[in-house]
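Trainee: Dropping a structure here in C-alpha coordinates format, bear with me for questions.
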Amino acid sequence: MRGPIGLFFGTRPQVIKASILRQSLSKVGQVLSVDTGQHYDYQLHQVHYDQLGVEPPDDFLGVGSGSHAQQTAAILTATAEWIRGHKPSLAVVIGDTNSTLACALAATQLRVPVAHVEAGLRATDRLMAEDVNRRIVDAIADVLFAPSEASAATLRREHPRATTEFVGDVAYDVLIRALPRAPATDSLAAYTADCAQGFVYVTLHRAELVDDAVLLQRVLEALDSLDRPCIFPVHPRTRKQIESLDLTLGARLHLTTPVGYLESVALTKAASAVVTDSGGLQREAYWLGVPCVTVRGETEWHETITLGANVLVNPRDVSTLGPTINEAVRRRRAGASWDRKTYGAGDAAARIATVLASFPMKP
Ligand code: UD1
(Lines give C-alpha, C1' and ligand atoms only; values in the text may rest on other atoms or scores of the structure.)
Protein backbone atom coordinates (compact mmCIF):
# COMPACT_ATOMS: atom_id res chain seq x y z
CA MET A 1 0.00 0.00 0.00
CA ARG A 2 1.18 3.53 -0.84
CA GLY A 3 2.31 5.77 2.03
CA PRO A 4 0.57 9.04 3.00
CA ILE A 5 1.14 12.42 1.40
CA GLY A 6 3.29 14.54 3.72
CA LEU A 7 2.26 18.23 3.73
CA PHE A 8 5.07 20.32 5.29
CA PHE A 9 4.92 23.91 6.53
CA GLY A 10 6.10 26.03 9.46
CA THR A 11 5.53 29.77 9.09
CA ARG A 12 2.52 32.07 9.21
CA PRO A 13 1.85 32.33 5.45
CA GLN A 14 2.33 28.59 5.04
CA VAL A 15 -0.25 27.70 7.68
CA ILE A 16 -2.72 29.84 5.74
CA LYS A 17 -1.97 28.10 2.44
CA ALA A 18 -1.80 24.62 4.01
CA SER A 19 -5.37 25.09 5.23
CA ILE A 20 -6.76 24.77 1.72
CA LEU A 21 -4.15 22.33 0.40
CA ARG A 22 -4.92 19.84 3.12
CA GLN A 23 -8.60 19.75 2.13
CA SER A 24 -7.85 19.25 -1.57
CA LEU A 25 -5.06 16.73 -1.13
CA SER A 26 -7.22 14.53 1.08
CA LYS A 27 -9.19 13.71 -2.09
CA VAL A 28 -6.00 12.19 -3.54
CA GLY A 29 -5.00 10.05 -0.55
CA GLN A 30 -4.29 10.11 3.17
CA VAL A 31 -2.60 13.40 4.15
CA LEU A 32 -0.35 13.83 7.17
CA SER A 33 0.38 17.46 7.93
CA VAL A 34 3.66 18.38 9.57
CA ASP A 35 4.24 21.77 11.19
CA THR A 36 7.98 22.32 11.66
CA GLY A 37 7.41 24.96 14.35
CA GLN A 38 9.56 27.62 12.62
CA HIS A 39 6.90 30.04 13.88
CA TYR A 40 5.37 29.37 17.29
CA ASP A 41 3.98 32.58 18.89
CA TYR A 42 0.20 32.49 19.20
CA GLN A 43 -0.34 35.76 17.31
CA LEU A 44 2.06 34.79 14.57
CA HIS A 45 0.98 31.20 14.16
CA GLN A 46 -1.76 29.46 16.15
CA VAL A 47 -4.27 32.25 15.51
CA HIS A 48 -4.36 31.17 11.84
CA TYR A 49 -5.24 27.59 12.77
CA ASP A 50 -8.04 28.93 14.95
CA GLN A 51 -9.44 31.44 12.46
CA LEU A 52 -9.24 29.29 9.36
CA GLY A 53 -10.64 26.24 11.11
CA VAL A 54 -7.47 24.27 10.34
CA GLU A 55 -7.20 21.01 12.20
CA PRO A 56 -4.07 20.78 14.36
CA PRO A 57 -1.12 19.29 12.47
CA ASP A 58 -0.60 15.54 12.70
CA ASP A 59 2.91 16.25 13.87
CA PHE A 60 4.64 19.31 15.30
CA LEU A 61 8.43 19.25 15.07
CA GLY A 62 8.94 22.24 17.39
CA VAL A 63 12.20 23.50 15.88
CA GLY A 64 11.73 27.18 16.83
CA SER A 65 14.10 30.05 16.04
CA GLY A 66 17.85 30.17 15.55
CA SER A 67 20.39 31.34 13.02
CA HIS A 68 19.62 30.44 9.41
CA ALA A 69 22.04 27.50 9.66
CA GLN A 70 20.76 26.25 13.02
CA GLN A 71 17.13 26.51 11.99
CA THR A 72 17.60 24.85 8.60
CA ALA A 73 19.70 22.07 10.12
CA ALA A 74 17.17 21.44 12.89
CA ILE A 75 14.29 21.21 10.41
CA LEU A 76 16.33 18.96 8.09
CA THR A 77 17.18 16.55 10.93
CA ALA A 78 13.67 16.43 12.39
CA THR A 79 11.99 16.06 8.99
CA ALA A 80 14.33 13.27 7.89
CA GLU A 81 13.47 11.39 11.07
CA TRP A 82 9.77 11.96 10.46
CA ILE A 83 10.06 10.70 6.88
CA ARG A 84 11.90 7.56 7.97
CA GLY A 85 9.13 6.85 10.45
CA HIS A 86 6.11 7.61 8.24
CA LYS A 87 7.36 6.66 4.77
CA PRO A 88 5.34 9.20 2.76
CA SER A 89 4.75 8.62 -0.96
CA LEU A 90 5.12 12.34 -1.72
CA ALA A 91 6.29 15.48 0.11
CA VAL A 92 4.40 18.70 -0.60
CA VAL A 93 6.23 21.92 0.34
CA ILE A 94 5.09 25.54 0.00
CA GLY A 95 6.86 28.80 -0.80
CA ASP A 96 10.43 29.78 0.03
CA THR A 97 11.16 29.66 3.75
CA ASN A 98 13.80 27.70 5.64
CA SER A 99 11.09 25.11 6.32
CA THR A 100 10.45 24.77 2.57
CA LEU A 101 14.11 24.19 1.82
CA ALA A 102 14.87 21.80 4.68
CA CYS A 103 11.74 19.65 4.19
CA ALA A 104 12.33 19.36 0.43
CA LEU A 105 15.97 18.44 1.00
CA ALA A 106 15.12 15.80 3.61
CA ALA A 107 12.56 14.21 1.27
CA THR A 108 14.87 14.21 -1.76
CA GLN A 109 17.72 12.65 0.18
CA LEU A 110 15.35 9.86 1.24
CA ARG A 111 14.10 9.39 -2.35
CA VAL A 112 10.63 10.74 -1.67
CA PRO A 113 9.30 12.77 -4.63
CA VAL A 114 8.73 16.47 -3.91
CA ALA A 115 5.94 18.77 -5.11
CA HIS A 116 6.66 22.49 -4.77
CA VAL A 117 3.70 24.84 -4.45
CA GLU A 118 4.37 28.51 -5.39
CA ALA A 119 7.31 27.54 -7.58
CA GLY A 120 9.20 29.54 -10.20
CA LEU A 121 9.34 32.97 -8.54
CA ARG A 122 12.67 34.74 -8.86
CA ALA A 123 14.32 37.81 -7.36
CA THR A 124 17.31 39.46 -8.96
CA ASP A 125 19.00 39.52 -5.54
CA ARG A 126 20.24 35.93 -5.63
CA LEU A 127 21.70 36.18 -2.13
CA MET A 128 18.36 36.85 -0.48
CA ALA A 129 17.56 33.87 1.79
CA GLU A 130 14.16 33.23 0.21
CA ASP A 131 15.56 33.32 -3.32
CA VAL A 132 18.29 30.84 -2.46
CA ASN A 133 15.66 28.59 -0.87
CA ARG A 134 13.27 28.63 -3.79
CA ARG A 135 15.93 28.12 -6.47
CA ILE A 136 17.25 25.05 -4.67
CA VAL A 137 13.78 23.62 -4.06
CA ASP A 138 12.79 24.13 -7.71
CA ALA A 139 15.99 22.33 -8.76
CA ILE A 140 15.28 19.22 -6.67
CA ALA A 141 11.47 19.01 -6.86
CA ASP A 142 9.70 16.63 -9.25
CA VAL A 143 6.45 18.56 -9.67
CA LEU A 144 6.39 22.36 -9.82
CA PHE A 145 3.15 24.28 -9.31
CA ALA A 146 3.45 27.82 -10.64
CA PRO A 147 1.20 30.68 -9.47
CA SER A 148 1.49 32.65 -12.74
CA GLU A 149 2.17 32.06 -16.44
CA ALA A 150 5.52 33.88 -16.09
CA SER A 151 6.71 31.64 -13.24
CA ALA A 152 5.65 28.55 -15.22
CA ALA A 153 7.70 29.80 -18.19
CA THR A 154 10.74 30.30 -15.93
CA LEU A 155 10.44 26.74 -14.63
CA ARG A 156 10.03 25.17 -18.08
CA ARG A 157 13.19 26.98 -19.17
CA GLU A 158 15.24 26.14 -16.06
CA HIS A 159 13.94 22.62 -15.33
CA PRO A 160 12.66 21.04 -18.53
CA ARG A 161 12.64 17.54 -17.00
CA ALA A 162 10.31 18.38 -14.10
CA THR A 163 6.53 18.42 -14.42
CA THR A 164 5.46 22.09 -14.40
CA GLU A 165 1.84 23.22 -14.15
CA PHE A 166 0.42 26.74 -13.98
CA VAL A 167 -2.34 26.33 -11.40
CA GLY A 168 -2.68 29.83 -9.91
CA ASP A 169 -2.04 30.97 -6.36
CA VAL A 170 -3.44 29.03 -3.39
CA ALA A 171 -3.37 32.31 -1.42
CA TYR A 172 -6.19 33.49 -3.70
CA ASP A 173 -8.22 30.33 -2.99
CA VAL A 174 -7.90 31.07 0.74
CA LEU A 175 -8.77 34.77 0.36
CA ILE A 176 -11.95 34.13 -1.63
CA ARG A 177 -13.20 31.68 0.98
CA ALA A 178 -12.21 33.85 3.95
CA LEU A 179 -13.68 37.14 2.71
CA PRO A 180 -17.24 36.52 3.95
CA ARG A 181 -15.82 35.83 7.43
CA ALA A 182 -13.56 38.91 7.64
CA PRO A 183 -14.72 41.35 10.33
CA ALA A 184 -16.79 44.31 9.15
CA THR A 185 -14.98 47.67 9.04
CA ASP A 186 -16.93 49.04 12.02
CA SER A 187 -15.70 46.18 14.21
CA LEU A 188 -12.08 47.19 13.58
CA ALA A 189 -12.39 50.09 16.03
CA ALA A 190 -9.70 48.67 18.29
CA TYR A 191 -7.24 49.42 15.48
CA THR A 192 -8.87 52.32 13.73
CA ALA A 193 -10.00 54.52 16.65
CA ASP A 194 -8.71 57.82 15.22
CA CYS A 195 -8.77 56.85 11.55
CA ALA A 196 -11.99 58.50 10.43
CA GLN A 197 -10.15 60.11 7.51
CA GLY A 198 -8.64 56.78 6.44
CA PHE A 199 -5.42 54.98 7.31
CA VAL A 200 -2.45 53.27 5.73
CA TYR A 201 -2.03 49.58 6.58
CA VAL A 202 1.67 48.77 7.14
CA THR A 203 3.61 45.52 7.60
CA LEU A 204 7.42 45.21 7.50
CA HIS A 205 9.31 42.07 8.42
CA ARG A 206 11.94 41.15 5.84
CA ALA A 207 15.42 40.63 7.18
CA GLU A 208 17.05 42.83 4.47
CA LEU A 209 15.04 45.81 5.73
CA VAL A 210 14.41 45.31 9.43
CA ASP A 211 17.82 43.90 10.36
CA ASP A 212 19.37 47.15 9.09
CA ALA A 213 18.68 49.57 11.97
CA VAL A 214 19.42 52.70 9.93
CA LEU A 215 17.12 51.72 7.05
CA LEU A 216 14.31 50.69 9.39
CA GLN A 217 14.57 53.91 11.38
CA ARG A 218 14.36 56.05 8.20
CA VAL A 219 11.33 54.14 6.94
CA LEU A 220 9.52 54.42 10.29
CA GLU A 221 10.24 58.16 10.45
CA ALA A 222 8.88 58.60 6.92
CA LEU A 223 5.68 56.74 7.87
CA ASP A 224 5.35 58.78 11.04
CA SER A 225 5.47 62.02 9.09
CA LEU A 226 2.57 61.12 6.77
CA ASP A 227 -0.51 63.28 7.12
CA ARG A 228 -2.68 60.26 8.01
CA PRO A 229 -2.42 57.45 10.59
CA CYS A 230 -0.73 54.14 9.89
CA ILE A 231 -1.83 50.85 11.46
CA PHE A 232 1.25 48.67 11.82
CA PRO A 233 1.01 45.15 13.32
CA VAL A 234 4.62 44.37 14.19
CA HIS A 235 6.30 41.02 13.42
CA PRO A 236 8.55 39.77 16.28
CA ARG A 237 11.68 40.23 14.16
CA THR A 238 10.75 43.88 13.61
CA ARG A 239 9.66 44.38 17.23
CA LYS A 240 13.08 43.32 18.52
CA GLN A 241 14.81 45.80 16.25
CA ILE A 242 12.43 48.67 17.08
CA GLU A 243 13.03 48.08 20.79
CA SER A 244 16.76 48.35 20.24
CA LEU A 245 16.39 51.71 18.43
CA ASP A 246 16.19 55.01 20.21
CA LEU A 247 13.09 56.17 18.34
CA THR A 248 10.70 58.95 19.21
CA LEU A 249 7.67 58.33 17.09
CA GLY A 250 4.55 60.49 16.94
CA ALA A 251 1.06 59.28 17.72
CA ARG A 252 0.08 58.61 14.12
CA LEU A 253 2.07 55.38 13.73
CA HIS A 254 -0.02 52.81 15.64
CA LEU A 255 2.14 49.79 16.49
CA THR A 256 0.11 46.70 17.43
CA THR A 257 0.81 43.01 18.01
CA PRO A 258 0.53 40.83 14.86
CA VAL A 259 -3.07 40.42 13.72
CA GLY A 260 -4.88 37.27 12.57
CA TYR A 261 -5.50 36.54 8.89
CA LEU A 262 -9.13 37.66 8.96
CA GLU A 263 -8.27 40.99 10.63
CA SER A 264 -5.46 41.50 8.13
CA VAL A 265 -7.87 40.95 5.23
CA ALA A 266 -10.36 43.39 6.80
CA LEU A 267 -7.67 46.02 7.43
CA THR A 268 -6.41 45.69 3.85
CA LYS A 269 -9.93 46.11 2.46
CA ALA A 270 -10.59 49.18 4.60
CA ALA A 271 -7.19 50.84 4.04
CA SER A 272 -6.52 53.90 1.88
CA ALA A 273 -3.31 52.17 0.80
CA VAL A 274 -1.05 49.31 1.88
CA VAL A 275 2.67 49.65 2.62
CA THR A 276 4.52 46.36 2.97
CA ASP A 277 7.50 44.15 2.21
CA SER A 278 5.41 40.97 2.41
CA GLY A 279 4.72 38.99 -0.75
CA GLY A 280 1.39 37.81 0.66
CA LEU A 281 0.11 41.29 1.40
CA GLN A 282 1.15 42.58 -2.04
CA ARG A 283 -1.16 40.02 -3.64
CA GLU A 284 -3.98 40.46 -1.12
CA ALA A 285 -3.97 44.22 -1.81
CA TYR A 286 -3.95 43.46 -5.56
CA TRP A 287 -6.94 41.11 -5.28
CA LEU A 288 -8.85 43.49 -3.00
CA GLY A 289 -8.27 46.47 -5.30
CA VAL A 290 -6.17 48.50 -2.83
CA PRO A 291 -3.05 50.29 -4.15
CA CYS A 292 0.13 48.91 -2.60
CA VAL A 293 3.55 50.46 -2.02
CA THR A 294 6.22 47.79 -1.61
CA VAL A 295 9.24 48.88 0.41
CA ARG A 296 11.84 46.84 -1.46
CA GLY A 297 14.09 47.27 -4.46
CA GLU A 298 12.20 44.53 -6.32
CA THR A 299 9.33 42.09 -6.09
CA GLU A 300 8.84 38.51 -7.28
CA TRP A 301 5.20 39.43 -8.00
CA HIS A 302 6.10 41.43 -11.15
CA GLU A 303 2.56 41.35 -12.52
CA THR A 304 1.24 43.51 -9.67
CA ILE A 305 3.64 46.24 -10.84
CA THR A 306 2.92 46.01 -14.56
CA LEU A 307 -0.84 46.00 -13.90
CA GLY A 308 -0.53 49.22 -11.86
CA ALA A 309 -1.59 47.74 -8.50
CA ASN A 310 1.80 48.02 -6.82
CA VAL A 311 4.71 50.49 -6.78
CA LEU A 312 8.23 49.79 -5.50
CA VAL A 313 10.10 52.16 -3.20
CA ASN A 314 13.66 51.16 -2.41
CA PRO A 315 14.17 51.79 1.33
CA ARG A 316 17.55 53.33 0.44
CA ASP A 317 15.60 56.02 -1.41
CA VAL A 318 13.25 56.78 1.45
CA SER A 319 12.57 60.40 0.46
CA THR A 320 10.16 59.12 -2.20
CA LEU A 321 8.16 56.98 0.25
CA GLY A 322 5.79 59.70 1.52
CA PRO A 323 4.91 61.10 -1.94
CA THR A 324 4.43 57.58 -3.35
CA ILE A 325 2.05 56.64 -0.52
CA ASN A 326 0.11 59.89 -0.99
CA GLU A 327 -0.22 59.10 -4.70
CA ALA A 328 -1.46 55.56 -3.88
CA VAL A 329 -4.10 57.07 -1.55
CA ARG A 330 -5.15 59.49 -4.30
CA ARG A 331 -5.48 56.63 -6.78
CA ARG A 332 -7.63 54.66 -4.33
CA ARG A 333 -9.94 57.68 -3.95
CA ALA A 334 -10.11 58.04 -7.74
CA GLY A 335 -11.31 54.40 -8.00
CA ALA A 336 -8.19 52.81 -9.52
CA SER A 337 -8.79 49.25 -10.75
CA TRP A 338 -6.90 46.55 -12.63
CA ASP A 339 -7.22 43.03 -14.00
CA ARG A 340 -7.28 40.68 -10.98
CA LYS A 341 -6.98 37.29 -12.68
CA THR A 342 -3.22 37.04 -13.21
CA TYR A 343 -2.75 34.53 -10.39
CA GLY A 344 -5.49 32.15 -11.40
CA ALA A 345 -9.15 31.76 -10.62
CA GLY A 346 -9.12 30.70 -6.97
CA ASP A 347 -9.04 26.97 -7.77
CA ALA A 348 -5.29 26.36 -7.45
CA ALA A 349 -5.56 23.77 -4.64
CA ALA A 350 -8.13 21.75 -6.58
CA ARG A 351 -5.95 21.86 -9.70
CA ILE A 352 -2.92 20.74 -7.70
CA ALA A 353 -4.92 17.75 -6.42
CA THR A 354 -6.01 16.86 -9.96
CA VAL A 355 -2.41 16.83 -11.19
CA LEU A 356 -1.18 14.81 -8.21
CA ALA A 357 -3.97 12.25 -8.59
CA SER A 358 -2.19 10.92 -11.69
CA PHE A 359 1.39 11.61 -10.56
CA PRO A 360 3.52 8.49 -9.96
CA MET A 361 4.18 8.67 -6.23
CA LYS A 362 6.58 6.46 -4.32
CA PRO A 363 4.94 3.04 -3.86
C1 UD1 B 1 10.16 33.78 7.78
C2 UD1 B 1 10.58 33.52 6.33
C3 UD1 B 1 10.05 34.62 5.44
C4 UD1 B 1 8.54 34.75 5.60
C5 UD1 B 1 8.22 34.97 7.07
C6 UD1 B 1 6.73 35.06 7.30
C7 UD1 B 1 12.76 32.38 6.11
C8 UD1 B 1 14.18 32.55 5.67
N9 UD1 B 1 12.05 33.52 6.19
O10 UD1 B 1 10.76 35.00 8.19
O11 UD1 B 1 10.31 34.29 4.09
O12 UD1 B 1 8.09 35.85 4.84
O13 UD1 B 1 8.75 33.87 7.83
O14 UD1 B 1 6.46 35.64 8.55
O15 UD1 B 1 12.32 31.28 6.36
N16 UD1 B 1 10.07 34.92 16.16
C17 UD1 B 1 9.27 34.99 17.26
N18 UD1 B 1 8.18 34.18 17.29
C19 UD1 B 1 7.87 33.30 16.29
C20 UD1 B 1 8.74 33.22 15.18
C21 UD1 B 1 9.83 34.05 15.14
O22 UD1 B 1 9.49 35.77 18.16
O23 UD1 B 1 6.85 32.60 16.38
C24 UD1 B 1 11.25 35.84 16.07
C25 UD1 B 1 12.52 35.20 16.53
O26 UD1 B 1 13.27 36.15 17.16
C27 UD1 B 1 13.19 34.83 15.21
C28 UD1 B 1 12.74 35.94 14.31
O29 UD1 B 1 11.40 36.25 14.75
O30 UD1 B 1 14.57 34.74 15.35
C31 UD1 B 1 12.70 35.59 12.85
O32 UD1 B 1 11.96 34.39 12.64
P33 UD1 B 1 12.34 33.41 11.43
O34 UD1 B 1 11.45 32.23 11.45
O35 UD1 B 1 13.80 33.16 11.42
O36 UD1 B 1 12.08 34.27 10.12
P37 UD1 B 1 10.93 35.33 9.75
O38 UD1 B 1 11.51 36.70 9.82
O39 UD1 B 1 9.68 35.08 10.49
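Trainee: Within the chain, what's the longest stretch lacking trypsin sites (Lys or Arg not before Pro) that sit in DSSP loops with no more than 15 other Cβ atoms inside 10 Å?
Mentor: 162-339
Trainee: Sort largest first and round to whole Å: the equivalent ellipsoid semi-axes of region 286-341, each the square root of five times a Cα gyration tensor eigenvalue.
Mentor: Largest first, region 286-341 gives 19, 15, 6 Å.
Trainee: Using every pair of alpha-carbon atoms in the chain, split the distances into 10 Å bins beginning at 0 and state the percent of pairs per bin, rounded to integers.
Mentor: Each 10 Å bin holds this share of Cα pairs: 5, 25, 34, 24, 9, 2, 0.
Trainee: Now for a separate question. Over all pairs of distinct alpha carbons, what does the Kirkwood formula give as the hydrodynamic radius of region 182-333, in Å?
Mentor: Taking every pair of different Cα atoms in region 182-333, averaging 1/r and inverting gives 15.2 Å.
Trainee: Next up: Beyond a 28 Å Cα-Cα separation, which of these cross-linked pairs lie in this structure: Lys341/Lys362; Lys240/Lys341; Lys17/Lys87?
Mentor: The pairs that break the limit, which is 28 Å between Cα atoms, are Lys341/Lys362; Lys240/Lys341.
Trainee: Give me the 1.4 Å probe accessible area per residue for the chain, excluding ligands and nucleic acids, in Å².
Mentor: 41
Trainee: Okay, moving on. At a 1.4 Å probe, what is the % contribution of carbon and sulfur to the accessible area of the chain?
Mentor: 52
Trainee: Looking at region 293-363, which chymotrypsin sites (Phe, Trp or Tyr not before Pro) are DSSP coil and have at most 16 other C-beta atoms within 10 Å of their C-beta?
Mentor: Within region 293-363, the qualifying chymotrypsin sites (Phe, Trp or Tyr not before Pro) (loop, at most 16 other Cβ atoms within 10 Å) are Trp338.
Trainee: Which percentage, to the nearest 5, of the DSSP beta bridges contained in the chain is antiparallel?
Mentor: 0
Trainee: Further question: In whole Hz, what ³J(HN,Hα) sequence does region 319-335 give by Karplus (6.51, -1.76, 1.60; θ = phi - 60°), x for Gly and Pro?
Mentor: In residue order, the calculated couplings are 4, 8, 5, x, x, 5, 5, 4, 5, 4, 5, 4, 5, 4, 4, 7, x Hz.
Trainee: Calculate for the chain the 222 nm mean residue ellipticity that helices alone would give, adding -39,500 (n - 2.57) per DSSP H run of length 4 or more and normalising by residue count, nearest 500 deg cm²/dmol.
Mentor: After summing the helix terms and dividing by residue count, I get -13000 deg cm²/dmol.
Trainee: Can I ask one more? Leaving out same-chain residues fewer than 8 places away, which aspartates and glutamates sit with a Cα under 16 Å from that of Lys269?
Mentor: Reachable aspartates and glutamates: Asp186, Glu284.
Trainee: Still on this structure: Positive end of the dipole of region 155-241, charges at C-beta (+1 Lys, Arg; -1 Asp, Glu), about the Cα centre: which of Ile176, Gln197, Pro233 has its Cα farthest in that direction?
Mentor: Ile176
Trainee: Moving on to the next point. Less than 16 Å apart at the alpha-carbon level, and either on another chain or at least 8 residues along: which lysines does that give for Lys27?
Mentor: Candidates past the 8-residue exclusion: nothing left.
Trainee: Would you kindly derive the ³J(HN,Hα) couplings of region 91-103 from the backbone phi angles with the Karplus curve 6.51 cos²θ - 1.76 cosθ + 1.60 (θ = phi - 60°), listing them in order in whole Hz, with x for Gly and Pro?
Mentor: Ordered by residue, 3J(HN,Hα) equals 10, 9, 10, 10, x, 8, 8, 4, 5, 4, 5, 5, 5 Hz.
Trainee: Further question: Amide H of Leu7: which non-local residues (sequence gap of 5 or more, or other chain) have their own amide H closer than 5 Å, using H built in the peptide plane?
Mentor: Distant-sequence amide H within range of Leu7: Leu32, Ser33, Val34, Val92.
The values are calculated or read from the model by the stated rules, or taken from the named source; none is laboratory data. On a predicted model such as this, the values are computed, not experimentally measured, just so you know. So basically every Cβ, Gly included, is an ideal-geometry build from the backbone, and we count neighbours across all protein chains shown. Just the protein is used for accessible areas: all its heavy atoms, side chains included, with ligands, DNA and RNA removed. Shrake-Rupley method; radii C 1.70, N 1.55, O 1.52, S 1.80 Å.
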